[in-house]
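In what follows, a structure is listed as structure tokens, so that the remarks can point back to it.
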Amino acid sequence: MKIKKIIATVGLVSLLVSSAMAEDVSANKTPVVSDLELKLSGYASFQAGIRNQSKLTGDEKNVSSNRKGFAFYNDAALTADASKEVNDVTYGGKIVLVPTAKRKGSPDYNGSHIYLVSEFGKIEAGSPISPSGQMMIDGSTIAAATFDDWARYVDFSTEHLMQGSKVQPSFSTFAEFFLDSKLTTTLDSRTYSSEPARSVAYYTPKFELGSSTKLQVGVSYTPDSSNTGADNPTTNSSGVDTRKVETGGIDKFTIDRSVKDALSGGVSLEQNFADGVDAKLAVTGEYGKSAGSAKKFATPNDTNPTIFKLSNLRTFNIGAILNVGNFSYAGSFGSLGKSLTTAEFHKAGRKTDYYSGTVAYKQGPFAASVSYFKSDQFKNTVDAVSVGTNYLLAPGFKPYAEISSFILKGRPEFRPDLSKKKTRGTVALIGAKLSL
């Protein structure tokens, strides 16, 4: 509580000082003090990851650049929400203050924007977190500990998997969408940023359909996914992916996955069956027109590359949660389809599908869960089982532990002539999170 009071005091003083400094010197000297309500929230976390993975050689055995066995990771974020209610209409702004300025896992700590809330719903102007990401349900929604942090410590580009190819095989390790996790800032001059594109979003109120059913709809519009706000609007700040090939008379491919006129949406249905028994179903997805292309370069200095069209953006996710007393059950199925792929490069396969499921138990400050995740991206598969637990040791302080077993099987998607290779392993995580 002392930390909250100190941060709130510093924030309020900063606002007052800024207001006073911005005052026109030609006007009267009375400072203009805003009466907006200021709420601060944030977190800081620390994690130790221990990895054991098969088929590794040489430096591949290092979890960090120079250390085998384990590595440390930490993360932090701070947000300020300033708002005011006038005649049953709330207006305000969310300001995200991220120490590393990189996108965080939770939508709560991403996407500075202004908003307007009324009895007709909520409008978010400039928010990069789309309804498909905000409203999505999957196994991670109820999981204890982290669910998918195991992938942070796994090597997906081993010599065993690449088999001498310059192309790294692609694997999907979590339920994802393009507009909130793939089409993010990728600029050498903005390495501190990884936010998605700017958009305008609208969420309806939760409509009551009878005494025990609620329905909500969210939709957003993104004019250009390359406009992430990290640079001038004319700059393609979502970047171009370069995939080295260096075989068969081909030096490389460059792939620009930008989309335009993209729509993201979600529909959620909440149902209460009895005291302590309720469920929630959500259908989310994305639609957009491909604005980029794939280019094939015969040589490093090829000035006339061959251009290939990418498929349009089409994705969806269906997820549900059932709560029965202290137990919760969640599952999902999602597909990225052939979105933003081309047969000229993705020769082994173009589709991406994934499944997730979690059984969780919570009693007071204690929580535990067992989760499963399976994906197939370009015929490369991931199977992962995670067992996690966390305990609210003190207000805002939550230590956790998790162990995950994974199996990767695949090959570079540009080389269907290669046989699939397998690597498996275990990742153990020990960490703690402090929430303000």
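Coordinate-derived values only; no laboratory data. All values reported here derive from a predicted model rather than from experimental measurement. Because the Cβ atoms are built from the backbone with ideal geometry, glycine has one as well, and the counts that use them run over all protein chains shown.
Summary of values
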item	result
Two-site label geometry, ARG152 and THR242: point separation in nm, points 7 Å out along Cα→Cβ	2.9
Cα-based Rg and Dmax for region 112-211, where Dmax is the largest Cα-Cα distance (Å)	18.7, 62
Contour excess over end-to-end distance, with Cα ends at LYS214 and ILE407 and 0.36 nm allotted per residue	65.5 nm
Calculated FRET value between ASN301 and ALA48, using beta carbons and R₀ = 60 Å, to 0.05	0.85
Over 21 Å (Cα to Cα) - which of LYS347/LYS409; LYS289/LYS420; LYS309/LYS420; LYS374/LYS433 fall in this group	LYS289/LYS420; LYS309/LYS420; LYS374/LYS433
Separation of the VAL277 and ASP383 label points, Cα + 7 Å toward Cβ, nm	3.4
Relative exposure of MET135, MET162, judged by other C-beta atoms within 10 Å (fewest first)	MET162, MET135
Estimated FRET transfer efficiency when R0 is 45 angstrom, pair VAL324-GLN168 (beta carbons, to 0.05)	0.55
Exposure proxy order (Cβ contacts within 10 Å, fewest to most) of GLU119, GLU159, GLU402	GLU119, GLU159, GLU402
